[in-house]
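Have a look at the structure below, then the notes.
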Amino acid sequence: QVQLVESGGGLVQAGGSLRLSCAASTGTFNRYAMGWFRQAPGKEREAVAAMSWYGDRTFYVDSVKGRFTISRDNADDTIYLQMNSLKPEDTAVYYCAADGTFANVVVRPNYWGQGTQVTVSS
């Protein structure tokens, strides 16, 4: 079992930045691919970014490329999502996710965090 706890959400003005963190409670963190999803009101949950367990592969949805950066610290069992140049359309609940494979973590991850709200005002 993997438990994931997100933090770092909040309210920010358009053009601002936030960094989300996700702490994982597993002794084998470096064996999991990790990702971030988001869900806006009335919309489906979508994969935003993901990283393989080794960090050699990444995924970003087109709408955040060049603005968001995913990273991981295997020593601290934590992943991050640095979000720059935020837009009102980035407003959503952001979820951390984990899976044993990179392919699954962007589609159907096994483990989810509870989510953290990000609100971008115009």
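The values are calculated or read from the model by the stated rules, or taken from the named source; none is laboratory data. The model shown is predicted, which means the values in this text are computed figures rather than measured ones. All Cβ positions, even for glycine, are placed from backbone atoms using ideal geometry, and neighbour counts span all protein chains on display. Keep in mind that these areas ignore ligands, DNA and RNA; they rest on the heavy atoms of the full protein, side chains included. Shrake-Rupley method; radii C 1.70, N 1.55, O 1.52, S 1.80 Å.
With respect to the numbered conditions (1) without any contact (Cβ under 8 Å) to a residue 60 or more places away in the chain; (2) surrounded by fewer than 21 Cβ atoms within 10 Å (Cβ to Cβ), which one is the sole condition not fulfilled by GLN82?
(1)
Looking at (1) open to solvent by 30 Å² or more (accessible area, probe 1.4 Å); (2) at pLDDT below 95, which one does ALA24 not meet, given that it meets all the others?
(1)
Could you run through the stretch 106-122 and say how many residues are assigned to a strand (DSSP E or B) and over 17 Å from ALA24 (Cα atoms)?
Total meeting the criteria: 5.
Anything in the stretch 46-56 that is within 13 Å of the chain's Cα centre (by Cα) and surrounded by fewer than 16 Cβ atoms within 10 Å (Cβ to Cβ)? List them, or say none.
Matches in the stretch 46-56: GLU46 only.
Pick from PHE59, PHE37: which is open to solvent by 40 Å² or more (accessible area, probe 1.4 Å), in a strand (DSSP E or B), among the hydrophobic types (A, V, I, L, M, F, W, C) and at pLDDT 95 or above?
One residue alone meets the criteria, PHE59.
Taking the stated definitions as given, is ALA47 in a strand (DSSP E or B) and at pLDDT below 95?
No, not satisfied.
Can you pull out every residue in the stretch 85-105 that is open to solvent by 40 Å² or more (accessible area, probe 1.4 Å), at pLDDT 95 or above and in a loop (DSSP other than H, G, I, E, B)?
SER85, LYS87
Take the conditions within 14 Å of VAL120 (Cβ to Cβ), of a type outside the set (Val, Ile, Thr), part of a strand (DSSP E or B) and open to solvent by less than 80 Å² (accessible area, probe 1.4 Å) and apply them to LEU11. Does it pass?
In short, no.
If I ask for residues that are assigned to a loop (DSSP other than H, G, I, E, B), surrounded by 14 or more Cβ atoms within 10 Å (Cβ to Cβ) and at pLDDT 95 or above, which ones from the stretch 66-79 would you list?
ARG67
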